[in-house]
1. Name the pairs whose Cβ atoms lie under 8 Å apart, with the first residue in segment 63-87 and exposed (fewer than 15 other Cβ atoms within 10 Å of the Cβ), the second of a type in the set (Phe, Trp, Tyr), and 6 or more positions between them or separate chains?
2. Kindly establish whether Trp44 is modelled with pLDDT of 95 or more, part of a loop (DSSP other than H, G, I, E, B) and not hydroxyl-bearing (Ser, Thr, Tyr).
3. Any idea which residue in segment 10-34 is surrounded by the fewest Cβ atoms within 10 Å (Cβ to Cβ), counting only those that are without any contact (Cβ under 8 Å) to a residue 40 or more places away in the chain and within 15 Å of the chain's Cα centre (by Cα)?
4. Going residue by residue through segment 3-10, is there one that turns out to be closer than 15 Å to Leu84 by Cα and assigned to a helix (DSSP H, G or I)?
5. Which of the residues spanning segment 47-93 are under 24 Å from Arg10 (Cα atoms), part of a loop (DSSP other than H, G, I, E, B) and of a type in the set (Val, Ile, Thr)?
6. On the basis of being away from the ligand (no atom under 12 Å from the Cβ), surrounded by 12 or more Cβ atoms within 10 Å (Cβ to Cβ) and free of Cβ contacts under 8 Å to residues at least 40 places away in the same chain, does Lys39 make the cut?
Amino acid sequence: MLFHVRMDVRLPSDMGPSVRADIVAREKAYSQKLQREGKWPHLWRIVGEYSNISIFDVESNDELHELLSGLPLFPYMDIRVMALATHPSKVQD
Ligand SMILES: O=C(O)CC1=CCC(=O)O1
């Protein structure tokens, strides 16, 4: 199942630089593991924003929720999810 996910990062302004660097490093490692496993095939920065657009390829809503809630930045992000279905006009590969 494919999901379009938008993540807007909202780090507190009083978060210390070392705490921030640690959480961002853990986020990168976590996301790169999922990318290598094929569960996170697209990760794009939105120009001019501390936000991303991602595509997840997972088995279920529950799996997506588990992966998203495991993000180190999860407590500091607004996340919007759109479930994707096949478009009837899409040319088949
Ligand atoms: O910087 C972001 O958009 C948040 C994020 C998601 C995966 C990652 O490595 O950073």
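1. Gly70/Tyr30; Met82/Phe3; Ala83/Phe3; Leu84/Phe3
2. Details: modelled with pLDDT of 95 or more: yes; part of a loop (DSSP other than H, G, I, E, B): no; not hydroxyl-bearing (Ser, Thr, Tyr): yes.
Judged against the criteria, Trp44 is not a match.
3. Ala29
4. Step one: of segment 3-10, the residues closer than 15 Å to Leu84 by Cα are 3-6.
If we keep only those that are assigned to a helix (DSSP H, G or I) too, we end up with none.
Scanning segment 3-10, I find no residue that is closer than 15 Å to Leu84 by Cα and assigned to a helix (DSSP H, G or I), so the answer is no.
5. The answer is Val47, and nothing else.
6. Working: away from the ligand (no atom under 12 Å from the Cβ): yes; surrounded by 12 or more Cβ atoms within 10 Å (Cβ to Cβ): yes; free of Cβ contacts under 8 Å to residues at least 40 places away in the same chain: yes.
Criteria met by Lys39.
The values are calculated or read from the model by the stated rules, or taken from the named source; none is laboratory data. Just so you know, these numbers come straight off a predicted model, no measurement behind them. Positions of Cβ are backbone-derived with ideal geometry, glycine not excepted, and every protein chain shown enters the neighbour counts.
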